[in-house]
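Q: Here's a structure for you.
The values are calculated or read from the model by the stated rules, or taken from the named source; none is laboratory data. Since the structure is predicted, the reported quantities are computational estimates derived from the model, not experimental observations. Methodologically, a virtual Cβ is constructed for each residue, glycine included, from the backbone with ideal geometry; neighbour enumeration extends over all protein chains shown.
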Number of protein chains: 4
Amino acid sequence: MEFRKQKGIYLQIADYICENVLTEQWKAGEKILSVREMAASIEVNPNTVARTYSYLQDQGIIFMQRGIGYFVADDALPRTQVLKKDDFVNEFLPEVFHTMDVLGIKIEDLLDYYQHRDNGQTDKE
Amino acid sequence: MEFRKQKGIYLQIADYICENVLTEQWKAGEKILSVREMAASIEVNPNTVARTYSYLQDQGIIFMQRGIGYFVADDALPRTQVLKKDDFVNEFLPEVFHTMDVLGIKIEDLLDYYQHRDNGQTDKE
Amino acid sequence: MEFRKQKGIYLQIADYICENVLTEQWKAGEKILSVREMAASIEVNPNTVARTYSYLQDQGIIFMQRGIGYFVADDALPRTQVLKKDDFVNEFLPEVFHTMDVLGIKIEDLLDYYQHRDNGQTDKE
Amino acid sequence: MEFRKQKGIYLQIADYICENVLTEQWKAGEKILSVREMAASIEVNPNTVARTYSYLQDQGIIFMQRGIGYFVADDALPRTQVLKKDDFVNEFLPEVFHTMDVLGIKIEDLLDYYQHRDNGQTDKE
DNA sequence: GTGGTCTAGACCACC
DNA sequence: GTGGTCTAGACCACA
């Protein structure tokens with residue numbers, strides 16, 4: 001049994017950045033914090049942030065301009081959605097469905113909860 | 001940004017026990033590990049396990065026989081379902097729905113995934 | 001023969017607090033001593049007081065405001081009465097009746113004592 | 001606030017002896033444990049037991065035969081009843097009645113509990 | 001052997 | 001500052 005288990009910190013930072021992209025708080029073309037600034041602001045070793053940035057650059061979500069800094073890529077939003085949607089559907093949903101089985105929650109119940117949740121964004125148009 | 005944040009260890013242990021009850025790997029009336037055995041097996045302080053057991057006893061999921069040990073309660077399964085269903089619906093589902101919004105996943109997509117998942121338990125009866 | 005036997009200290013502290021609630025020396029909404037203040041004032045380990053407060057919070061007799069402190073709950077008085085009435089009837093009264101038997105005191109004698117005690121609140125209305 | 005507070009140990013030993021007299025487990029004329037035996041059996045300093053015996057001898061509940069030991073007095077039972085009845089009525093009952101007031105328990109409730117307690121010794125004849 | 005309790009001290013999160 | 005949690009170690013009662 002593992003307690004303090006968690007995803008690598010660099011992936012958590014990536015999630016944090018993706019969250020900002022997905023919620024459009026960070027938009028295409030915007031400069032993001034430098035490796036050192038980010039590291040200082042979240043109190044993490046700069047190498048860890050560098051790894052995050054490198055990973056996100058691989059994913060085409062941010063890009064680097066040597067000597068200038070990192071920027072949100074033009075198609076960061078759809079790429080991030082694709083990346084995270086994949087995680088969500090393949091890693092996360094199966095767990096959710098399993099939990100529902102174990103707890104005896106039916107898909108109809110879930111629909112119910114969805115339709116009656118606080119922020120009624122369901123049928124807005 | 002928080003990296004080390006987590007539920008208390010004693011609640012994680014409770015979750016582990018609940019999982020075993022829910023999946024019926026531990027059945028009503030069965031003796032569970034003693035406080036000290038459990039503590040040794042998961043490498044945690046006995047006091048922490050004692051707190052878990054005390055919490056689960058309050059919830060009516062396990063019961064104690066002084067000088068003998070702890071046992072799975074007769075109605076542990078339904079009680080655990082109720083307990084966890086609550087968590088699931090109030091803590092977990094809202095997050096899921098928020099993530100779906102952000103990722104542009106519609107409830108219909110989710111239904112789709114549900115109906116086409118591996119173990120086709122959807123409409124068996 | 002046991003000399004040092006007693007209820008757990010944390011329960012004795014709970015009794016002390018309940019007493020203050022029952023006699024309305026502590027009223028609904030009042031802040032009570034912080035865990036550390038109480039611990040210092042009664043010369044007990046803070047963990048022990050924390051356990052007492054946690055227990056009383058479970059009972060709905062006090063409530064916590066994170067970073068602020070603990071307060072007497074709105075319906076502390078009735079809840080305390082219920083809690084203690086239970087103790088009185090199930091734990092205490094049987095002992096009293098047994099003692100009366102052993103001492104040859106009849107229930108009528110007890111009624112007599114009740115009606116002639118100092119503060120004649122018996123039949124005031 | 002005092003926790004390990006209690007009556008003097010010598011009085012607790014006296015209570016223990018009185019209990020045995022009242023329940024007629026020890027009868028008039030029987031020899032009781034020697035000071036040293038009693039002290040050893042309850043793991044207490046012999047001086048403490050000596051004080052108890054001296055106190056009970058003053059009350060006429062036990063008597064001593066020099067070089068032989070202590071014995072239960074002939075009229076130990078009634079004397080003990082008187083002694084304890086006094087305590088019960090003057091020390092104990094007022095507390096009980098006060099507690100009942102604070103808890104909102106009426107004398108009629110108490111009669112009820114008395115008549116419905118487990119061992120129906122109420123109207124045996 | 002079982003669990004229950006208390007202590008001392010540390011660290012963390014929240015306000 | 002507040003409370004929450006965990007640890008290590010001790011002691012007690014019950015069986």
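Q: Can we say residue A:99 is polar (S, T, N, Q) and under 15 Å from the mean Cα position of the chain (by Cα)?
A: Taking the combined requirement at face value, the residue does not satisfy it.
Q: Considering only residues that are among the hydrophobic types (A, V, I, L, M, F, W, C) and surrounded by fewer than 19 Cβ atoms within 10 Å (Cβ to Cβ), look in region D:17-37 and name the one that is farthest from residue D:72 (Cα to Cα).
A: Top of the filtered list is D:33.
Q: Based on what the data block shows, is residue B:71 over 30 Å from residue A:89 (Cβ atoms) and not polar (S, T, N, Q)?
A: yes
Q: For residues that are of a type outside the set (A, V, I, L, M, F, W, C) and more than 10 Å from chain C (Cβ to nearest Cβ), scanning just region D:17-30, find the one that is nearest to the chain's Cα centre (by Cα).
A: D:20
Q: Looking at (1) within 16 Å of DNA strand E (Cβ to nearest atom); (2) surrounded by fewer than 17 Cβ atoms within 10 Å (Cβ to Cβ), which one does residue C:86 not meet, given that it meets all the others?
A: (1)
Q: Here is a further query. Which of (1) part of a helix (DSSP H, G or I); (2) under 21 Å from residue A:68 (Cα atoms) does residue A:10 not meet, given it meets every other one?
A: (2)
Q: Does residue A:76 satisfy the criteria of being of a type in the set (Gly, Ala, Ser) and surrounded by 18 or more Cβ atoms within 10 Å (Cβ to Cβ)?
A: Criteria met by residue A:76.
Q: Specify which of the listed residues (D:33, D:111, D:83) is outside any helix (DSSP H, G or I) and either of a type outside the set (Val, Ile, Thr) or under 20 Å from the mean Cα position of the chain (by Cα) (or both).
A: Sole residue among the options that is outside any helix (DSSP H, G or I) and either of a type outside the set (Val, Ile, Thr) or under 20 Å from the mean Cα position of the chain (by Cα) (or both): D:33.
Q: Mind counting the residues in region A:91-108 that are in a helix (DSSP H, G or I) and either more than 7 Å from chain B (Cβ to nearest Cβ) or charged (D, E, K, R) (or both)?
A: Matching residues across region A:91-108 total 7.
Yes/no per residue for (1) part of a helix (DSSP H, G or I); (2) touching a Gly at 6+ places or on another chain (Cβ under 8 Å):
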{"position": "A:18", "(1), (2)": "yes, no"}
{"position": "A:24", "(1), (2)": "no, no"}
{"position": "A:29", "(1), (2)": "no, no"}
{"position": "A:37", "(1), (2)": "yes, no"}
{"position": "A:50", "(1), (2)": "yes, no"}
{"position": "A:55", "(1), (2)": "yes, no"}
{"position": "A:64", "(1), (2)": "no, no"}
{"position": "A:70", "(1), (2)": "no, no"}
{"position": "A:79", "(1), (2)": "yes, yes"}
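Q: Looking only at region C:8-32, count how many residues are in contact (Cβ under 8 Å) with a residue 24 or more places away in the chain and within 15 Å of DNA strand F (Cβ to nearest atom).
A: 10
Q: Looking at region B:27-56 only, could you name the residues that are near DNA strand E (Cβ under 7 Å from one of its atoms) and in contact with a strand residue (DSSP E or B) (Cβ under 8 Å, 6 or more places away or on another chain)?
A: If the condition is that a residue be near DNA strand E (Cβ under 7 Å from one of its atoms) and in contact with a strand residue (DSSP E or B) (Cβ under 8 Å, 6 or more places away or on another chain), then B:34, B:35, B:53 are the ones that fit.
Q: Here's a follow-up. Step by step: first the residues of region C:39-48, then only those that are in a helix (DSSP H, G or I) and out of contact with any Phe, Trp or Tyr (no Cβ under 8 Å at 6 or more places or on another chain), then the one that is farthest from the other protein chains (Cβ to nearest Cβ). Which residue is that?
A: Ranking the qualifying residues of region C:39-48, first place goes to C:46.
Q: Name the single residue that is nearest to DNA strand F (Cβ to nearest atom) among those in region B:53-69 being away from every other protein chain (no Cβ under 12 Å) and polar (S, T, N, Q).
A: By that ranking, first place goes to B:65.
Q: Next up: I'm trying to understand the selection: among the residues of region D:105-122, which are of a type outside the set (D, E, K, R) and modelled with pLDDT of 90 or more?
A: D:105, D:107, D:110, D:111 - these are the residues of region D:105-122 that are of a type outside the set (D, E, K, R) and modelled with pLDDT of 90 or more.
Q: So if I check each of C:69, C:104, which one is at positive phi, free of Cβ contacts under 8 Å to residues at least 40 places away in the same chain and away from DNA strand E (no atom under 16 Å from the Cβ)?
A: The conditions single out C:104.
Q: Further, regarding this structure: With the requirement that a residue be surrounded by fewer than 19 Cβ atoms within 10 Å (Cβ to Cβ) and closer than 18 Å to residue A:20 by Cα, what does region A:38-49 give you?
A: A:41, A:42
Q: Keeping to region C:36-46, report how many residues are under 11 Å from residue C:9 (Cα atoms) and over 19 Å from the mean Cα position of the chain (by Cα).
A: The number of residues fulfilling the criteria is 1.
Q: Follow-up question, since we're still on this one. Among the charged types (D, E, K, R), modelled with pLDDT under 95 and buried (at least 17 other Cβ atoms within 10 Å of the Cβ) - does that describe any residue in region C:62-72?
A: Checking region C:62-72: not a single residue is among the charged types (D, E, K, R), modelled with pLDDT under 95 and buried (at least 17 other Cβ atoms within 10 Å of the Cβ).
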